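The values are calculated or read from the model by the stated rules, or taken from the named source; none is laboratory data. On a predicted model such as this, the values are computed, not experimentally measured, just so you know. Counting neighbours? That spans all protein chains shown, and the Cβs are built from the backbone with ideal geometry, glycine included.
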Amino acid sequence: MDIKEEQIILRPFLDEDISTFTKWLDKGYIYKWFCPDGEEYREAWLDEVTNRNDKYHFMTHFIVSCNGKDIGFCLYMDCYFEKEYIPEHYGMTIDKKGTVYEIGYLVGEEEYLGKGIGTIIVKKLEEKIIESGGKVILADPDEENIISIKTLLRNGFIKIKDEDYRKQI
Ligand SMILES: CC(C)(COP(=O)(O)OP(=O)(O)OC[C@H]1O[C@@H](n2cnc3c(N)ncnc32)[C@H](O)[C@@H]1OP(=O)(O)O)[C@@H](O)C(=O)NCCC(=O)NCCS
């Protein structure tokens with residue numbers, strides 16, 4: 001049975017969540033998409049969550065819980081602060097803070113996959129981005145990551161080009 005929206009909460013990511021996040025990152029079905037170039041990406045993710053309050057202050061990380069159990073992770077990033085990848089990949093220059101955000105998400109516990117939770121996570125990220133005054137949401141799924149792409153399309157994202165999906169909000 002599908003999970004209902006009110007059963008899912010995005011709570012702030014804490015230092016004690018790093019070990020759970022690492023366990024999820026190392027699962028094959030997540031590592032494949034989160035660390036496409038291998039260990040360098042893995043280290044970058046761990047650096048990001050560890051230093052989320054200083055070096056990566058422009059990103060907001062969450063643990064996803066379902067009925068109180070930690071089952072996933074997600075984040076949004078204010079693209080204004082990412083001066084290399086965002087302009088290169090999306091071909092856009094962002095001159096104002098708090099307008100364009102990029103998202104990432106995963107369901108880390110296998111028994112919770114395929115129950116509509118990924119779709120709810122993206123919806124809840126969108127709600128938070130709206131609260132922050134955001135106008136556009138970006139996502140860059142690998143074109144082979146069909147499930148992630150379906151999750152975005154279901155939430156009203158539009159494909160601009162390969163690995164470039166956007167939603168105006
Ligand atoms: C992407 C991810 C978060 C989706 O989570 P989920 O809770 O399983 O997804 P949902 O149940 O909400 O399903 C989303 C869509 O994918 C489809 N889907 C789910 N599981 C599927 C499967 N095994 N095969 C094919 N389609 C599937 C659903 O039918 C739904 O599409 P629809 O709305 O058109 O029917 C999850 O697969 C995941 O954590 N993957 C690894 C990490 C990752 O790739 N993150 C995204 C990086 S860009």
Given the structure, is LEU10 at pLDDT 95 or above and near the ligand (Cβ under 10 Å from one of its atoms)?
no
Keeping to segment 16-35, report how many residues are over 22 Å from GLU143 (Cβ atoms) and not in a loop (DSSP other than H, G, I, E, B).
9
Would you be able to tell me the number of residues in segment 1-38 that are closer than 19 Å to TYR56 by Cα, free of Cβ contacts under 8 Å to residues at least 40 places away in the same chain and among the charged types (D, E, K, R)?
2
Residues located in segment 109-133, provided they are surrounded by fewer than 21 Cβ atoms within 10 Å (Cβ to Cβ) and either assigned to a loop (DSSP other than H, G, I, E, B) or within 6 Å of the ligand (Cβ to nearest atom) (or both):
GLU109, LEU113, GLY114, LYS115, GLY116, THR119, SER132, GLY133
If I filter segment 70-92 for residues that are small (Gly, Ala, Ser), in contact (Cβ under 8 Å) with a residue 40 or more places away in the chain, within 13 Å of the ligand (Cβ to nearest atom) and assigned to a strand (DSSP E or B), do I get at least one hit?
yes
Residues (small (Gly, Ala, Ser) and either in contact (Cβ under 8 Å) with a residue 40 or more places away in the chain or within 9 Å of the ligand (Cβ to nearest atom) (or both)) located in segment 93-108
GLY104, GLY108
